[in-house]
Amino acid sequence: MTAHPPGLMGPPGRGGRFGEFGGRFVPESLVPACQELEEEFASAWADEGFRGRYRAILADYAGRPTPVTECHRLSERLGLRVLLKREDLTHTGSHKINNVVGQALLTARMGKSRLLAETGAGQHGVAAATAAALLGLECVVYMGEVDLRRQALNAFRMRLLGAEVRSVTSGSATLKDAINEALRDWVATVETTHYCLGSVMGPHPYPWMVRELQRVVGDEAREQCRRLLGGADPDYVVACVGGGSNAAGTFAGFVDTGAALVGVEAAGGAAMARGVSGVVHGMRSRLLQDEHGQVLEAHSISAGLDYPGIGPEHAYLGSVGRARYVQAGDDEVLEAFRLLSRTEGIIPALEPAHALAWVVREAGRELPRGSNVLITLSGRGDKDVAQVMDMLDG
Ligand SMILES: *Cc1c(COP(=O)(O)O)cnc(C)c1O
């Protein structure tokens, strides 16, 4: 049978495939839950009433639309025209709110009352707990014991928001183990529970659903850029990539334009640069593995980019050449973090500082002078300030 490549960033092919990537690699017991979710999301997303409620919460609660800011001082310095899509200005401070609001609304629509989430650094856990509080859902967040110790403040935030935080001690006691534990809980509780995955990964329909819920970032930015650029699209659209949701949402708005799409990974993660094709967390994608097929740990200064894989649609967009994936290292990321703070008065999260670091490095090289460059500023840096202070002092 020949695979039908899906239209770029449209609905996935049969079984949730993006070329050879994606799919649904789950235990028998989870197949009905994934099928139900696929059907429910498809019908909700086609329902103007559902979309209206989603848009209303994003507008009145989360603060959308977020602006696109032209960075005059940074642009002059780099010899580029740099525009930032300001997801840092949303409620809870990152693009993650777009996804959790959609999935929490879907939970209620399915008649379920309990929301599960996994979290690494705690950002998705806080976002999920926020959406659950807003809609009156019970919320349980799985978090690796190691991450819990590193991110005690975020765990406290989740509890303040009414969520129960469960410590995971299996494996390396980090994000990938928290995902496994959340999947295990879901198998046992699927009647009452929705699993709210935090990025464009996992079994079908998650990579598609989360991309659609993040598409608002790219759709808004496209219109805003056209206004700023006299009807033109940016030459480059750049976003950082952990699992890949802020990049997917951004790219979805520009995939049918002439803009070059660039995803920036942490050099110590780099599933696109150093990963191999494999199956993990219910999907086929590119991931960091050793020669025995064991999933390796990813390392970066930003916990949000510490995922050892990448969403399957990015693996696909890379394989067909529509998007490029590049890397940024810790030192240049710290430099970019400081540069944006000083030149524009915006302290970025360390994750999007990766996207910025690549632009700074390539200005006047790969990025010709005078290029229009849109960068998605996926979140604000408040959460990272203490860590950066330690790194600069140490
Ligand atoms: C979680 C997070 C990321 C990484 O997640 P993606 O799914 O790759 O977008 C990036 N930036 C910020 C601010 C985050 O909180």
Contour excess over end-to-end distance, with Cα ends at Asp256 and Ser170 and 0.36 nm allotted per residue: 26.6 nm
Taking 0.36 nm per residue of separation between Arg369 and Ala386 and subtracting their Cα-Cα distance, the length gained on full extension comes to 2.6 nm
Nearest 10 degrees, 0 to 90: what angle lies between the long axis of helix 31-45 and the longest principal axis of the chain (Cα atoms)? 50 degrees
In nm, to one decimal, how far is the modelled label at Arg14 from the one at Asp47, with both set 7 Å along Cα→Cβ? 2.9 nm
For the stretch 142-163 and the stretch 178-204, what is the separation of their Cα centres, given in Å? 18 Å
Projected onto the charge dipole of the chain (unit charges on the beta-carbon of Lys, Arg, Asp and Glu, signs +1, +1, -1, -1), the Cα from Gly162, Ala62, Val140 with the largest positive-side position is that of Ala62
Built amide H within the under 5 Å cut-off of Gly269, gap 5+: His299
Label Arg73 and Gln35 with points 7 Å out from Cα along Cα→Cβ: what is the distance between them in nm? 5.9 nm
Under the rule a/c < 1.5 gives rounded, and otherwise a/b versus b/c splits prolate from oblate, where does the stretch 282-394 land using the Cα gyration tensor? oblate
For the stretch 108-207, what Kirkwood radius comes out of the mean inverse Cα-Cα distance, in Å? 13.2 Å
Given C-alpha coordinates of the chain, what is the ratio Rg to Rh with the Kirkwood estimate of Rh? 0.94
Answer in debye to the nearest 20: the dipole magnitude of the stretch 147-256 about its Cα centre, from +1 Lys/Arg and -1 Asp/Glu charges placed on Cβ, is 380 debye
Looking at the chain, how many pairs of lysines come closer than 20 Å at the Cα, when each pair is eight or more places apart or spans two chains? 4
If you place +1 on the Cβ of every Lys and Arg and -1 on the Cβ of every Asp and Glu, how big does the dipole about the Cα centre of the stretch 56-203 come out, in debye to the nearest 20? 340 debye
How far, in degrees from 0 to 90, does helix 175-189 lean away from the longest principal axis of the Cα atoms of the chain, to the nearest 10? 30 degrees
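Against the 2.2 N^0.38 Å scaling, with N counting residues, where does the stretch 67-166 land? I'd like the Cα-based Rg ratio to two decimal places.
Values: Rg = 16.9 Å, N = 100, 2.2 N^0.38 = 12.7 Å.
Compactness ratio reported: 1.34.
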Per-residue HN-Hα couplings for the stretch 351-366 [Karplus 6.51, -1.76, 1.60; θ = phi - 60°; Hz; x = Gly/Pro]: 4, x, 4, 5, 4, 4, 4, 5, 5, 4, 5, 9, 4, x, 10, 5
Of the candidates Phe18, Asn180, Ala386, the farthest towards the positive dipole end of the chain (Lys/Arg Cβ +1, Asp/Glu Cβ -1, centred on the Cα centre) is Phe18
Accessible area expressed per residue, the stretch 1-150, with surrounding protein chains retained (probe 1.4 Å, Å²): 42 Å²
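Students often check this: by mean Cβ neighbours within 10 Å, which of 186-193, 242-249 ranks highest, and how do the rest follow?
242-249, 186-193
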What FRET efficiency would be calculated for the residue pair Glu28, Gln294, taking the C-beta separation as r and a Förster radius of 22 Å, to the nearest 0.05? 0.35
Interatomic Cα distance distribution for the stretch 247-340, bins of 10 angstrom, percent: 16, 44, 32, 8, 0
Label-point separation, Ala188 to Tyr61 (7 Å along Cα→Cβ), nm: 2.9 nm
Before rounding to the nearest 500, sum -39500 (n - 2.57) across all DSSP H runs of length at least 4 in the chain and divide by the residue total; then give [θ] at 222 nm in deg cm²/dmol. -13500 deg cm²/dmol
Fraction of accessible area attributable to carbon and sulfur, the stretch 210-358 (%, probe 1.4 Å): 46 percent
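Report the charge-dipole magnitude of the chain in Debye, nearest 20, computed about the Cα centre from +1 at each Lys and Arg Cβ and -1 at each Asp and Glu Cβ.
It comes to approximately 700 debye.
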By the mean-Cβ-within-10 Å protection proxy, highest first, 257-263, 359-365, 203-209 rank as 203-209, 257-263, 359-365
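The values are calculated or read from the model by the stated rules, or taken from the named source; none is laboratory data. Everything numeric in this text was worked out from a predicted model, so none of it was measured. Here Cβ is always computed from backbone atoms with ideal geometry, including for glycine, and neighbour counts include all displayed protein chains. To get the accessible areas, we keep the full protein, side chains included, count just its heavy atoms, and leave off ligands, DNA and RNA. Shrake-Rupley method; radii C 1.70, N 1.55, O 1.52, S 1.80 Å.
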